[in-house]
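As structure tokens, the structure follows; a few thoughts come after it.
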Amino acid sequence: MGLGWLIGILPFRLQMAIGRGLGNIAYHVVPSRRRVAATNLQMCFPEYTAEQHQALLRAHFRSVGMGAVEAMLCWWGPTAKVEGLCRLEGLEHLQHAAGSGQGFILLTAHFTSLELGARMAKLHLDRLGVFTNGMYKPPHDPVLDYVMQRRREHHIGEASIRQDQVKTLVRALRNKRAVWYAADQRASEQAGVMVPFFGHMARTHVATARLANMGKALVVPFFTIRKPDNSGYKLIVHPALEDFPSGDDAADAQRINKIIEDVARTAPEQYFWLHKRFQLKDVDPYEESPDPAK
């Protein structure tokens, strides 16, 4: 954590150089995740050549390394520095949600700049007079959990809500708060439905629609994309989803997947491909998949 604090206050370009270095190291030392990411990329971008897949895989690991450093910047970086790195697209959509008289879910996805993007969004929401909460899955390490909760509560939201605290989350939405939520990881059979993502079936959470219904809340998608020259970030806010939830869990989940897919295609190296996202009938696509480093 002390090293994380130090990295968090370094000059930005040095931070990004450290992140790329960490990503290059991770590519070589975590072969199991390298295979998972390679399989995901081959499934989602079948039109790419072998050379393009390999280049994208390496770029992804560098992006993951930068994402780890960006979390340190989020937790310990000065506000003026963080705000200066952000270019917001879609302020009017935040203003509309803030003035709607409803709570709203800030729906995002696991792009590698996720943590930093949440802090950038909160800077704008504070000016609009909107209180913010973040929903999170506690990490296994108790020290990391302790630090992450407190730094997030300081910079991202007034109180962190665990993913199993549904009543607390619904209460926050009904109290006209914004709740930061990323819903794109693989769901359990009880919590998800099988719908397409990049042309393959993926078990997808239905919680977004159900929480919006219970909390009488809007759903406002937003995503954080690192600029190609690594000079800063675009915080992209979409209009609140219309006719959502529809009452059809599968249709709503597929709609969200399509939104995430469209953004991921604009910066494919920045979407988080290290998770086992797909499930094929009677086949595990990650079992015995080839190691691209060999």
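The values are calculated or read from the model by the stated rules, or taken from the named source; none is laboratory data. Worth saying up front: this structure is predicted, and the values here are computed from it rather than measured. Please note: Cβ atoms are built from the backbone with ideal geometry, for glycine as well, and neighbour counts cover all protein chains shown. Heads up: the accessible areas ignore ligands, DNA and RNA and are worked out on the full protein's heavy atoms, side chains in. Shrake-Rupley method; radii C 1.70, N 1.55, O 1.52, S 1.80 Å.
What percent antiparallel are the DSSP beta bridges of the chain, to the nearest 5?
Here the antiparallel bridges make up roughly 40 percent for the chain.
Of the accessible area of region 20-159, with the probe set at 1.4 angstrom, what percent is carbon plus sulfur?
Of all accessible area on region 20-159, carbon and sulfur atoms account for 57 percent.
Rolling a 1.4 angstrom probe over the protein heavy atoms, how many square angstrom per residue are accessible across the chain?
The answer is 47 Å² per residue.
Taking Cα pairs under 8 Å and at least six residues apart, what relative contact order does the chain come out at, in percent?
It rounds to 25 percent for the chain.
Which Cα, out of ALA68, HIS28, ILE18, lies furthest along the positive dipole direction of region 1-160 (beta carbon charges, K/R +1, D/E -1)?
Towards the positive end, the residue furthest out is HIS28.
Which aspartates and glutamates have a Cα less than 15 Å from the Cα of LYS216, not counting those fewer than 8 places away in the same chain?
Counting by Cα, and skipping residues close in sequence, LYS216 has these aspartates and glutamates nearby: GLU242, ASP243.
Projecting each Cα onto the charge dipole of region 212-261 (Lys/Arg +1, Asp/Glu -1 at the beta carbon, about the Cα centre), which of HIS238, GLN254, GLY215 comes out farthest on the positive side?
Positive-end residue among those listed: HIS238.
Can you pick out the pairs among LYS81/LYS276; LYS258/LYS294; LYS167/LYS276; LYS167/LYS258; LYS137/LYS227; LYS122/LYS276 whose Cα atoms lie more than 32 Å from each other?
Where the Cα-Cα span goes over 32 Å, the pairs concerned are LYS81/LYS276; LYS258/LYS294.
Given [x] 62, 40, 34; [y] 61, 48, 36; [z] 55, 47, 36 as candidate values of Cα extents along the principal axes in Å, which corresponds to the one derived from the coordinates?
Recomputing Cα extents along the principal axes in Å here gives the entry labelled [z].
In what order, largest first, do VAL143, VAL64 sit by accessible area if the probe radius is 1.4 Å?
So the residues, ranked largest to smallest area, are VAL143, VAL64.
State, to one decimal in nm, how far the label point of LYS81 lies from the label point of HIS140, with both points 7 Å from Cα in the Cβ direction.
The answer from the label model is 3.2 nm.
Suppose a student asked you for the relative contact order of region 89-223, using Cα pairs under 8 Å spaced at least 6 residues apart; what percent would you report?
36
Cα gyration tensor of region 1-137, axes a ≥ b ≥ c as square roots of the eigenvalues: rounded (a/c below 1.5), prolate (a/b > b/c) or oblate?
oblate
Run lengths n ≥ 4 of DSSP H only: what is the helix-derived mean residue ellipticity at 222 nm for the chain, with -39500 (n - 2.57) per run over all residues, to the nearest 500?
-15500 deg cm²/dmol
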